[in-house]
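To keep things clear, I will list the structure first and then write my remarks on it.
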Amino acid sequence: MDVDEENPVTPSDAISVSPDGNEAVDAAIDAMSLQAVQPAILPVAPTPMIPPIAPIPHPVPRPLAPIPVRPAVLRPPLAPSDSDSDEEESGLNRTSAGQEYEISEESKHARERQEKAVQELLTKRRAAALAVPTNDKAVRARLRRLGEPITLFGEKEMERRERLRALMVNLDSEGQLEKLMKAHEDEEAAATAVPPEPEDIQYPFYTEGSQSLLEARREIAKYSIVKSALRLHRARRKRDDPDEDLDAEVDWSLKQAANLVLECSEIGDDRPLSGCSISHDGKMLATCSLSGVAKSWSMPEVKKVSALKGHTERATDVAFSPINYQLATASADRTARLWNLEGSVLRTFEGHLDRLARISFHPSGKYLGTASFDKTWRLWDVETGEELLLQEGHSRSVYGLSFHHDGSLAASCGLDALTRVWDLRSGRSILALEGHVKPILSVSFSPNGYHLATGGEDNTCRIWDLRKRKCLYIIPAHSNLISQVKFEPQEGYFLVTASYDMTAKVWSSKDFKPVRTLSGHESKITSLDVVADGQYIATVSHDRTIKLWSSKDGEKEKAMDVD
């Protein structure tokens, strides 16, 4: 390579600034382009021999198919929209010439779904931002102030709260925020309001009764004090008198009971018999039946004396007064009636809300007790017919009722398998005897003053000691339910039970062993009664018969005048 080294040109020589300005600069640039500058000579390294590389073929691109152009379809202009988004979207569909294109159905549906999803999202955001009370009481109060039902059928607390939330969101979205705020303000005002101070009123802890009930309690207390004193005096005399042989007396009474035989059987009515009662002197017998008719019979011939008609429903029980020949009947027509032997109605006792079950006279003869399926038993004044006491305490129907021989206590039993002992002088429930596993249908006080017998649908008879407040004996008495239990009314030396197994049984009150089984009825026995001296037992049954059981030896002893 030849390099021309002559006439070297320096930059100071090549560029000269003249007052002409641009012309001098252009002349200097031309001179530099004409004269070559000598480069520095470097040693040259031998270049390695590289084999040639074959060229890479490039694929030839295929031509794309032309995009079909949709024909423009004219349509009427859209209605003006309130939202900016609608204006923008409508603007996208306009051409420069002012024409509009039609949107496909799929696009419309997609747009509707999108708008709906956005609306739901906004609703959820508003619902999450709302303050909904968590206390169920506050939720109910707000629903009430909004005019909505405070609860729906089967609605739980959380469901009620979500219903309130949805309601508040709807009110907010509809622009009824004032109504919602007013309800909230009412709640705050109610919460912050100072409750008025209650008046200092002293209420009695008991239900105040009538003046007639107070007089009745006083009369019962006076009567019971005298009767209990006589009973205790008699018991002390038997205990302390060396001439008194209590065991021999009990054995003699049980011997009479063991000799009981069927003396008489009589058809009592066209319908099944439901109750019977013997008068205080043992000369009269009363029966009642499902026909609603009660009848009186002479004893011991069992001859009909009179028929007592007046009840509109079936009669459920009958009881003689302990002081005279008046008798009372209970019926399913919710009334009890007082009769004389001629068949005239003396008084009607109305007030129960459901059918009556058993009925019983107070030992003084002045008061009448009725048990009913309205879960109450009531005490009535026999002379005036006034309701003295409405006693609650059972959770189910009250079926049986009995008065203590002193007149101080009453025992009620019912379908709740519970027996309650009440003090008539104070009105308090002093004992609740639990043990039966099925409904109790009958209860009876012993003349000794401290034993109580109950029988029910569990086929057992239980003997309770009122002094120990517990059950002494459980007698598996029958193979079917026990419809009636009754102590011998004079001394209580034996106990009689009647059952739906068509038998009545006599039990010793000393050790409660079986003494006699009275078989003869062809259907279930519904009721029984015992004469005061224990010589006669009357039973009635669904076979419509009255059966009178007597002791043959008892007649001989009566002739001997044995005390």
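The values are calculated or read from the model by the stated rules, or taken from the named source; none is laboratory data. Note that this is a predicted model, so its numbers are computed, not measured. Please note: Cβ atoms are built from the backbone with ideal geometry, for glycine as well, and neighbour counts cover all protein chains shown. For accessibility, only protein heavy atoms count, side chains too; no ligands or nucleic acids. Shrake-Rupley method; radii C 1.70, N 1.55, O 1.52, S 1.80 Å.
For the reader, a short list of remarks on this structure follows.
- Highest-first arrangement of 276-284, 401-409, where packing means the average Cβ count within 10 Å: 401-409, 276-284
- Ordered by solvent-accessible area of protein heavy atoms (1.4 Å probe), largest first, the residues Asp511, Asp374 come out as Asp511, Asp374.
- Oblate is the label for region 473-548. Its Cα gyration tensor axes, ordered a ≥ b ≥ c, give a/c of at least 1.5 and b/c at or above a/b.
- For region 246-348, the Cβ-based charge dipole about the Cα centre amounts to some 520 debye (Lys, Arg positive; Asp, Glu negative; other atoms uncharged).
- Chain lengthening between Glu155 and Thr134 when straightened (0.36 nm per residue, less Cα-Cα): 6.0 nm
- Rounded FRET efficiency, nearest 0.05, which uses the C-beta distance separating Leu431 from Asn170 and R0 of 45 Å: 0.15
- Cα gyration tensor category, rounded, prolate or oblate, for region 425-560 with a/c compared to 1.5: oblate
- For the pair Ile474 and Asp251, a Förster radius of 25 Å applied to the C-beta separation gives a FRET efficiency near 0.55, rounded to the nearest 0.05.
- Accessible area in the full protein assembly, largest first, 1.4 Å probe, for Leu230, Leu472: Leu230, Leu472
- Counting only heavy atoms of the protein chains and using a 1.4 Å probe, Cys288 has close to 0 Å² of accessible surface.
- Extension reserve of the Asn448-Asn324 stretch, reckoned as 0.36 nm per residue once the Cα distance is removed: 42.3 nm
- Cα centroid separation, region 273-329 to region 357-382: 17 Å.
- Debye log10 I(q)/I(0) for region 355-430, one point scatterer per Cα, at q = 0.19, 0.20, 0.22, 0.24 Å⁻¹: -0.70, -0.78, -0.95, -1.13
- Above-threshold pairs, the threshold being 31 Å between Cα atoms, out of Lys366/Lys486; Lys227/Lys510; Lys468/Lys513; Lys283/Lys375: Lys283/Lys375
- Surface listing: Val261, Val132 arranged by accessible area from highest to lowest gives Val261, Val132, probe 1.4 Å.
- Peptides 251-260, 388-397 ranked from most to least packed by the mean count of surrounding Cβ atoms within 10 Å: 251-260, 388-397.
- Tensor-based shape of region 307-465 (alpha-carbon gyration tensor, a/c under 1.5 rounded, otherwise prolate or oblate): prolate
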